[in-house]
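Taken together, the values in this text are just the output of simple stated rules run on the coordinates, not laboratory data. The structure presented is a predicted model; accordingly, all values stated were derived computationally and were not measured. Heads up, the Cβs are rebuilt from the backbone with ideal geometry, glycines too, and the neighbour counts pull from every protein chain shown.
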Amino acid sequence: MSEYLDLLITDNDLVLDPGRQPEPVTDRACIAQDIGHMIRDSGLMVALVAERSPLIQRDYRQQLELLVETDVRLVPGTARVKSQGNGQYLVSAKTLEFGDVEVTL
């Protein structure tokens, strides 16, 4: 039985199964999706990608890590935001019940 349940969203749209019903997403994938939406809604990622100063970029990454840490399903102190180049960032953390979770933004 799944503890966390949500509807799968890809490219800002519901994902539908062959019967045109919304696809569910559970547990670790649900937490990852929630983290991605939390970051997108905060606007911090846009500011981070637009920023050229390495010092201010580091500050935005730290703000993002602190934001992710507000999710009570995560182990405190495990959130990390790392640049992958080309404006993409990997957000990783450890969940309390489901192991590691990663989100690429």
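Numerical summary
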{"read-out": "Breaking point among (1) of a type in the set (Lys, Arg); (2) farther than 23 Å from residue 3 by Cβ; (3) more than 12 Å from the chain's Cα centre (by Cα), for residue 73", "value": "(2)"}
{"read-out": "Close pairs from the stretch 14-30: first touching a residue at least 40 places away in the same chain (Cβ under 8 Å), partner in a strand (DSSP E or B), Cβ under 6 Å, at least 6 apart", "value": "28/101"}
{"read-out": "Qualifying positions in the stretch 59-100 - of a type in the set (Ser, Thr, Tyr) and exposed (fewer than 15 other Cβ atoms within 10 Å of the Cβ)", "value": "70, 83"}
{"read-out": "Selection status of residue 26, surrounded by 14 or more Cβ atoms within 10 Å (Cβ to Cβ) and over 11 Å from the mean Cα position of the chain (by Cα)", "value": "yes"}
{"read-out": "Lone qualifier among 61, 20, 40, 28 - being in a loop (DSSP other than H, G, I, E, B) and among the basic types (Lys, Arg)", "value": "20"}
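The rows are residues; the columns are (1) within 22 Å of residue 81 (Cβ to Cβ); (2) of a type outside the set (Asp, Glu).
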| site | (1), (2) |
| --- | --- |
| 1 | no, yes |
| 5 | no, yes |
| 9 | yes, yes |
| 13 | no, no |
| 17 | no, no |
| 24 | no, yes |
| 31 | yes, yes |
| 40 | yes, yes |
